[in-house]
Each structure stands twice: as C-alpha cells, then as structure tokens.
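Report on the structure given below.
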Amino acid sequence: MKKKWILWIAALSLLLGGCSFESVMSDDLMMTVQNQNVAQTSEYAYEDVAFLQAAVGEDTLNPYEMTSDTSLRIAPLLYDSLTKLNPQYGYDLCIASSVELQGTSCTVTLRQDVLFSDGTDLTAADVQYSYRQALRSDNAYTAQLSNVAGVSVLSDDQIRFTLEEADVLFPNLLTFPILKNGSAADPVGSGRYRLAGENMLAENPYWYGKSMGKIEKIQLVQQPDRETSFYSMKTGSLDYLFVDEDETIAETGGSICYVPMPNLIYIGINDSRSRLSNARFRQMIAAAVDRVSLIETAYYDRAQETSVPFPSSWEQLSSLTVESGQDFEKVQALLAELGLDKRDDEGYIIMGTRRVSVDILVNNENETKMQIAEMLREMLRLVGLDATVTGVPFDEYQTRVAERQYDLYIGEVKLKDNLDLTALLTVLTQQTTEENLQVLERYQQWRQGTATLQNFLEAFQSATPLIPLGTRNGTIYYNREIYYDLRATAQDVFYNIHEW
C-alpha cells in the first residue's frame, strides 16, 4: 500500500510539473513572427553556412551529468542512440539494426559499421555501460528507463532489455546516449560530431551515416539563462537556440521553427462531483468544446488540436477511427437523455429552480491558460451550463488539483518519448467511477499487448475521464542566414543537421 501511495504522489508531481507559464501573443507580435519567417526570401542573397554557434547550459559534455535542458539538447550531436524518434512520434533505427519486442523481453541487434569518434568499435558492452550510467544520473534518463529490470549482453552485437512490465512502445525509449565503456570522465560518443577543442565540435569522420551536411563546426556558447540566450541571439553571438516553454515568441532578429512537443493540454474532470460522475454529462461537455477555436486563438500556430490524449500527428492514429470536433446535435441528444431539458428565462439549464453549474479552475499566472478557461466558459454557457472561472496563483492551483477541489481544470502534462499516460490516468482515476477505472485497465492492456489502441480509444471516449485539447510546440530561434530545411523533433532538435 505504501508503494502505491508513493507512486501516486510521484504521478501527481509529474502531472502538475507539466504546467508552465505562458503569455498571449499580440497581433503586432504575430506580424513580427511572420516577418521573421519570410525574411529568408525577401531581403538576402544567402551563402552556405558552415559554422554554427549553439547554446549550452553547463561545462560538462557527459549527458548523464547534464542538468539543464539546453545542454541535453546538444547530446544527440555527440552521441548516437539505439533508436531515434521521428516527427510522427514513431521510432527509426539508429545504431540498432533491429529491435525485437516480445512481452517483457526486448532484444536489440547493433549495426556492424558503428565506430566511436576515436575509431574504436561500438559493442553491446558499451550499451550496457551507458544504461548503467543512465541509472545513476539525476536527469530525465533515469525516469526514461525506469521500466527496465535489467540488461544482458548476449554477444558483441546483441543485447537484451528485460522489462518490469510489457510496453508495446518501449522501443521509443531506446533513445538514451551511448558512451564508450569506461569513458564517463572524458566521454566518447559515435554521433555526427566530436569534441575538437574547448567548446568546439567538428564533424566526426567515423560517423556511420558517412554523408554530412554543410555545418562543419559548432561552437558551444554557454548561456546561464533564457534572457541571456535571447540577448545573444540579437547580438549575433548565438545562431541556434531551442526553447521548450509555452511563452510569447521573442524578437531576436532571426527566424523561427516550431517543434511539435508531447505536451498535452487538457481539461481535467472531477468525476466525484455529482453530475460529473455521469459519463454522458462528461461526453456532453466534450461535445460542446470547439478545440480548433481554443487552440488557434490561444496559441496561434504554436500548438495543434487533438481529440485523443496523444499528439494528432502520431503515426499510429492515421488508420484509426476517433470522434472529434464540436457537435451541438450530440450535446442536445445527451442533454435530453440526462433529462436536462428545462431552461430559465436566460437560457440556462435548470433542475428545479437552480441552474446547472460548473466551475473551471485555472492558474491565473498563466495568461494562455486563462484565455482557454474564459473561452471554455463561453462555450459551456452557449449550451446552457452556468459556467464560471476560478483563477488562482499556481501554488494554490496545485493544491486544489491535488485535493480535487475543482469541477474542471485546465492542465498540461509532458509525456515521455513513449507517450505514456500512466501518470495522468493514475491521478485522474483515484476515487473514481467504474467507467474511468475501466479506461485505465484497457490502457494497461493495450500497453501490454493484450488489447488494441482502438480498443483503448473507444473506452476513453466513452468514459471521457478528461478532455484533450491539443499539444503545444517548442521553438527554435535561428540565424536567418541559415536557409536550410530545418526539421526537428522533441528528442533531437538537430534532427536533420547532417542533411542541411
């Protein structure tokens, strides 16, 4: 029982940790963004850029000692991984030639042509060593591999991961950096670049991908905070900066590239409240929500709407059937089924003489979330609910969510590379309805391979334990002299630098 309580607290911390401060983009600033994007084609004749200045947060280049997100974004340049996330949230093979997943066993076979930047062979022993380094780290890699019970070297080119629980998306988590065995003090990787001097990266001549792009060298420029980084971009001492925060786009005099992130924005529902305990009432609220309008108005093009608890661009959703969009006919049908067909003179639904009301809790220090809450209030009033908004400071917001002191709340959670919903569903199914418990059970069955993703989504949309709204973007700010076709992912913001 104690272990379950600790896991619940950890899940709640992860859930609330996904909430961040945001600002609303003004029309003037939107024009600035557009100007930054079109600057490449309207003002300059470009020459090939071979040198790049990129931000780093600290001195160490050991990925398992890095603590800042800025530094961790540099790691994929120096270190390859077994797999690599693609823009559709699937995985591509990197230094693995195959990944075979059977239940709780995942066997990885390595490519035969991978060398470290010092010219030595990369073997399964190096993978095992890197896994052990990840376990000792204080950054995200420890949590990423928390489902791994053990790692066994089968041969020089084959290694087996044994999982605590089966996970059909475990290959998405094989993105941890591979270091040469014993090199933690002076780490050696097999990535596209190598250390070639103090804070200087140069092309790795031994990289298995062979063909490199136009960027020959990368100068790492230490940046203590975001404000310094933006100033460095303006003054030209920085060419490339990734920011994973939901905020107003900054004016840097350069260009921007949005990076889709697995940060799920959603409406949390307290199903212990009388009316919200009825799945049809929750379905009715979901059908009243215009996600497209909410996301486009609050985020402009900094987010994408989704009607399921995953990014809408996820490759596994393409062949599935999911309900989406505002549906007033469904709203009216569900209200009739619920017996909520009486209204007062102002058009609000009443039971007896009292209006049917719902309150929306939101962090009032977050302007974008406040805007979403206010728009949601009007959408719910439009269908007859007496909706109100309660905006409170972030600390109080956290407390109220933890203690379930809300009807609805506007939340955000960052999912791991395998899009794991366990933390979110664990929190939302405490002291909950039977339908929501079935959603968690069906989710676990899907992750373990005994149910399909379609089965889970059908159970999810039937019970409606929460209402997904969208997933937001991170932002790359870059020198407008860089005219190359930038592609980036949440796992690698330099995803295609070797093709520039």
### Query
Per residue of the chain, what 222 nm ellipticity follows from adding -39500 (n - 2.57) for every DSSP H run with n ≥ 4, rounded to the nearest 500?
-9000 deg cm²/dmol
### Loop-located trypsin sites (Lys or Arg not before Pro) in the range 195-260, at most 12 other Cβ atoms within 10 Å (DSSP)
Lys210
### Task
Taking 7 Å along the Cα-to-C-beta vector as the label spot, tell me the Glu296-Thr162 distance in nanometres, rounded to one decimal.
5.4 nm
### Task
Quantify how much of the Cα-Cα distance distribution of the chain extends past 28 Å, in percent.
57 percent
### Message
Quick check on packing: order 176-188, 76-88 by the mean number of other C-beta atoms within 10 Å, highest mean leading.
### Response
76-88, 176-188
### Message
Angle check, please: helix 124-136 long axis (alpha carbons) against the longest principal axis of the chain (alpha carbons), in degrees 0 to 90, nearest 10.
### Response
50 degrees
### Task
Starting with the fewest neighbours, write out Ser229, Ser462, Ser190, Ser211 ranked by other beta-carbon atoms found within 10 Å of each beta-carbon.
Ser211, Ser462, Ser229, Ser190
### Summary
Extension length gain for Lys234 and Ala333 (0.36 nm per residue less Cα distance), in nm, is 30.1 nm
### Task
Kindly give the semi-axes, whole Å and largest first, of the ellipsoid equivalent to the range 319-371, taking each as the square root of 5 times a Cα gyration tensor eigenvalue.
26, 23, 9
### Query
Taking neighbour counts of Cβ atoms within 10 Å as a proxy for exposure, in what order, fewest first, do Ile218, Ile249, Ile95 appear?
Ile249, Ile95, Ile218
### Query
Taking the alpha-carbon centroid of each part, what is the distance from the range 163-189 to the range 45-106 in angstrom?
11 Å
### Query
Taking 0.36 nm per residue of separation and subtracting the Cα-Cα distance, what length does fully extending Tyr483 through Glu499 add?
4.5 nm
### At R0 = 41 Å, FRET efficiency that the Cβ-Cβ distance of Ala185 and Glu396 yields, to 0.05
0.35
### Tilt relative to the chain, helix 367-382 - C-alpha long axis, 0 to 90 degrees, to 10
30 degrees
### Query
When each pair of different Cα atoms in the range 50-238 is counted once in the 1/r mean, what is the Kirkwood radius in angstroms, to one decimal?
17.2 Å
### Message
With the cut-off at 27 Å, tell me which of the pairs Lys210/Lys416; Lys84/Lys217; Lys214/Lys234; Lys84/Lys210; Lys84/Lys180; Lys84/Lys414 have Cα atoms farther apart than that.
### Response
Lys210/Lys416
### Query
Using 17 Å as the cut-off for backbone N distance, which residues of the range 456-500 belong to the label zone defined by a point 7 Å from the Cα of Ser211 along Cα→Cβ?
484-487, 495-500
#### Entry: Likely footprinting exposure, Asp225, Asp246, fewest C-beta neighbours within 10 Å first
Asp225, Asp246
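Readers should treat all values here as calculations from the given coordinates under stated rules, not as data from a laboratory. If you're wondering where the values come from, they're calculated on a predicted model, not measured in any experiment. Using ideal geometry, Cβ is built from the backbone for each residue, glycine included, and neighbour counts are taken over all protein chains shown.
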